[in-house]
Amino acid sequence: MKQVVQNYKSGELAVLDVPVPGCKPGGVLVRTAYSLISTGTELMKVSEAGMSMLGKARSRPDQVAKVMQSVAANGVPATYRKVMGKLDSYTPLGYSLCGVVEQVGAGIDDVKAGDLVACAGNEHALHAELNWVPKNLYTPVPDGLAPRHAAFGTVGSIAMQGVRQGEPQLGEVALVIGLGLIGQLVVQLLAASGVRVVGVDPDPVRCELAERLGAAACGDPSSAGVEAAVAELTGGHGVDQVYLAAGGGSNQPVELAARLCRDRGRVVDIGKCRLDLPWNAYYEKELDVRFSRSYGPGRYDPEYELEGRDYPIGYVRWTERRNLACFLDLLARGSVDVEPLVSHVADFDDAVETYQSLKDGELKAVAVLFRYPEQKEEAAEAPAVTVPAVRRSDKVSAPARTAKTPVRLAFVGAGNYATSMLLPHLARRDGVELSTVVTTTALSAANAQRKFGFAEATTDLDAVLGDKSIDAVFVVTRHSSHAELTRRALLAGKAVFVEKPLALTEDELTGVLAAVEESGNDRLQVGFNRRFAPLLQEARKRFGARTGPASLRYLVNAGRLQHGSWYLRQSTEGSRFAGEGGHFIDTASWLLAADPVSVYAVATSGNEDLQVVLRYPDGSTATISYVTTGAACFPKETLDLIADGKVLRLDDFVRASVYSDGAAGRKQWVSSRLPKARDKGQNAELAAFIKAVRTGGPMPVPLESLVATTSATLAVQAGLAGGAPVTLARAR
């Protein structure tokens, strides 16, 4: 088998062929699927190995002390031979992985061959194809948790043990100094515990990432913004806890901790930074300084780690193994999200080059994963997302109504999009009656009623769904509620207009279609408005029919979200692309007159900028670049469609052009004038929906197309997790 090793004397890194470890009693043999590089601990070790002998001595004074003791006991020649022999040997790297149990040793009855487990330990969870792992250093992976996420188990346990040492309480405020891998996890764990967090790091990218993952505010340690945020959140008293997750030789972290901590606060050292405690500052506040020892109780105890002797839960609640299992459970339930931390996934065979890129600074990363050969082969088979079939019963799908009567509408939700982009068009439309607005808070319903003339305002959704006089329901709430509200409205026999997304999971989408089949009501429209934009409609008409495959490029300069936006709550509201990516997939599919058959997605560090490639049945492709790091002054949406010697160009719904080369020469069409405002099709989309409800005619977009677009949007997240193209398999 292959294993990553390092020679501490020369600094050489290599992937060596070594014997397969035996499966001893009291443990399991695990074939690695993913292992995680600790960009802090491991890179420190790699950097030390590249130092001169004097540099090594300066970086490890603890080891120098041991050498001097050996000299005193055994003499210089014997000590020299011993030290040189140890330095000039290969040592392993790695301590956090996920893999499949290949063989079970005697005395093990909690897992079996084929089970997925997360493993810990710098002697047992190595960057190697196979590892023998003792019982207390592995734990089964919960169903549904991706192996690449479970590989974070050990570093998650380190962060968790640090948080436990701080003893956080609901409503407290904490300061996390250092927003590397451990610091980012500490931020999420504290936020999940009901603690408000301020983060400190000189890297603005890491600060932005921590804010997206739950921090209230982040900034450079030298900026006044950090102190201002602490003062605002604590009423000037200072934070309750400080977590030192930084490294390096600066004493700034411990000094900052003393300055921003409250009287008798707690300071927890998780990383490896300089700890010259300023005596007066720590004494005057009587600060409680604590150390967090790695993964938790059991660490460095050979009877626990090697012999499998557990500590009674009544005396030691959270051991190494229990911390590991707890962190995996938080991952599986969505309380912690590690996907935004994955900066790079490298093939195991490229381990040496990956370490070198990290060491040289060419690869800027929070977390890097190694993907092992069998995992790579499985990914190449292209995982599939099932596009559920649309099944309709024999029931009448469009209820009979008198065409002359106004179409009566109810709105569930009256947030910014509803009140700025939908209701202004409907409030002045003939043949439409705004019947009822439903919100969770009474005041927002009253405001919408006053502004747009709803007949009634309420917080009672059941009353609206039971009102037979209401023809259609608009679902314009937060993303996490769309599928359930749509399902209930369909079962109540209403036509439904739901803003994107229709669903955040495959199960939610299946639930909506089950309601269609049960009720016979397929009167559904999703707010994919761009296909209705007049400028794009005209450009498509000018472009004409295609005879060959097309290439489509769609650049979405989405920009940054404001701090505190609910769009950032990925654990409940889905990713940002899951929320609005359907817009762009639907537009591409409409222009190409087909539904995609596969999706491939890649992302930059933290999944901020996505590249999504869609493949269509006739060989056409659409590439959607969804970026958040661009300049705000650049247009938000630009699109190019190229086929058959023709090019369609759309510039941010302000200008459109079509170019063509034909037998009669070159032709060019450019929109004759700039529209007064960007018309992205909302008004035309609403008109088409109201007409369908009034006449009982077909919905503006076939349900099959809405389902295909939603499935393709969901496949983007699956593609990011698996690192391979995702096939969109049609259910039968």
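The values are calculated or read from the model by the stated rules, or taken from the named source; none is laboratory data. This is a predicted model, so every value here is computed, not measured. All Cβ positions, even for glycine, are placed from backbone atoms using ideal geometry, and neighbour counts span all protein chains on display. The protein model used for the area step is the full one, side chains on, heavy atoms only, and it has no ligands, DNA or RNA in it. Shrake-Rupley method; radii C 1.70, N 1.55, O 1.52, S 1.80 Å.
What the table shows:
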{"read-out": "Charge dipole magnitude, Cβ of K and R +1, D and E -1 - the chain, Cα centre, debye nearest 20", "value": "1980 debye"}
{"read-out": "Inter-part distance where segment 258-320 and segment 582-627 are each reduced to a Cα centre, Å", "value": "48 Å"}
{"read-out": "Solvent-accessible area per residue, Å², over the chain with all protein chains present [probe radius 1.4 Å]", "value": "44 Å²"}
{"read-out": "Highest average packing first - 617-623, 470-476, 14-20, Cβ atoms within 10 Å", "value": "470-476, 617-623, 14-20"}
{"read-out": "Per-pair calculated FRET efficiency, R0 = 22 Å: Ala192 and Gln169 via Cβ, rounded to 0.05", "value": "0.95"}
{"read-out": "Set Lys500/Lys680; Lys9/Lys272; Lys112/Lys135; Lys541/Lys636 screened for pairs whose C-alpha atoms are more than 18 Å apart", "value": "Lys9/Lys272; Lys541/Lys636"}
{"read-out": "On Cα atoms only, tilt of 534-543 relative to the major axis of the chain in degrees", "value": "90 degrees"}
{"read-out": "Under Karplus coefficients 6.51, -1.76 and 1.60, residue-wise ³J(HN,Hα) of segment 205-220 in Hz, glycine/proline x", "value": "5, 5, 5, 5, 4, 5, 5, 5, 9, x, 5, 6, 7, 9, x, 5"}
{"read-out": "Backbone HN-Hα couplings from phi across segment 680-689 [Karplus 6.51/-1.76/1.60, Hz, Gly and Pro as x]", "value": "8, x, 4, 5, 5, 5, 5, 4, 5, 5"}
{"read-out": "Inter-label distance for Tyr659 and Val289, nm, one decimal - labels placed 7 Å from Cα along Cα-to-Cβ", "value": "6.7 nm"}
{"read-out": "Summed residue charge, Cβ within 14 Å of Leu591's Cβ, Lys/Arg positive, Asp/Glu negative", "value": "+2"}
{"read-out": "Peptides 574-581, 678-685 ordered by average Cβ neighbours within 10 Å, highest first", "value": "574-581, 678-685"}
{"read-out": "Local electrostatic count at Ala550 - Lys and Arg +1, Asp and Glu -1, tallied over other residues with Cβ under 13 Å", "value": "+2"}
{"read-out": "Nonlocal amide H pairs with His344, under 5 Å, H built at 1.01 Å", "value": "Ala367, Leu369"}
{"read-out": "Packing rank of 146-158, 700-712, where each peptide gets the mean count of other beta carbons within 10 Å, highest leading", "value": "146-158, 700-712"}
{"read-out": "Signed unit charges on C-beta, dipole axis of the chain, positive-most listed residue Pro549, Pro168, Val693", "value": "Val693"}
{"read-out": "Nearest-ten-degree value, helix 442-452 long axis tilted from longest Cα axis of the chain", "value": "40 degrees"}
{"read-out": "Among Gly581, Ala445, Val4 the positive-end extreme of the charge dipole of the chain (Cβ point charges)", "value": "Ala445"}
{"read-out": "Computed E for Glu374/Asp301 - FRET, C-beta separation, R0 25 angstrom, nearest 0.05", "value": "0.15"}
{"read-out": "Area of Glu517 that stays accessible when all protein chains are in place (1.4 Å probe, Å², to 10)", "value": "90 Å²"}
{"read-out": "Summed residue charge, Cβ within 12 Å of Thr628's Cβ, Lys/Arg positive, Asp/Glu negative", "value": "0"}
{"read-out": "Folded to 0 to 90 degrees: helix 224-234 orientation relative to the chain principal axis, Cα", "value": "80 degrees"}
{"read-out": "Fraction of accessible area attributable to carbon and sulfur, segment 223-315 (%, probe 1.4 Å)", "value": "51 percent"}
{"read-out": "Extended-chain gain in nm, criterion 0.36 nm per residue less alpha-carbon gap, Ala729 and Ser335", "value": "138.8 nm"}
{"read-out": "No Cys partner within the rule (Cβ under 4.7 Å), the chain", "value": "Cys23, Cys98, Cys119, Cys261, Cys273, Cys326, Cys633"}
{"read-out": "Residue-wise HN-Hα coupling along segment 102-114, computed from phi with Karplus coefficients 6.51, -1.76, 1.60 (Hz; x: Gly, Pro)", "value": "9, 8, 10, x, 4, x, 9, 10, 9, 9, 9, 4, x"}
{"read-out": "Amide proton proximity set for Phe411, modelled H, under 5 Å, gap of 5+", "value": "Thr436, Val437, Val438, Phe474"}
{"read-out": "Over the chain - Rg/Rh using Cα atoms and the Kirkwood inverse-distance radius", "value": "1.03"}
{"read-out": "FRET efficiency, 1/(1 + (r/R0)^6) with R0 22 Å, evaluated for Tyr417 and Ala442 via beta carbons", "value": "0.60"}
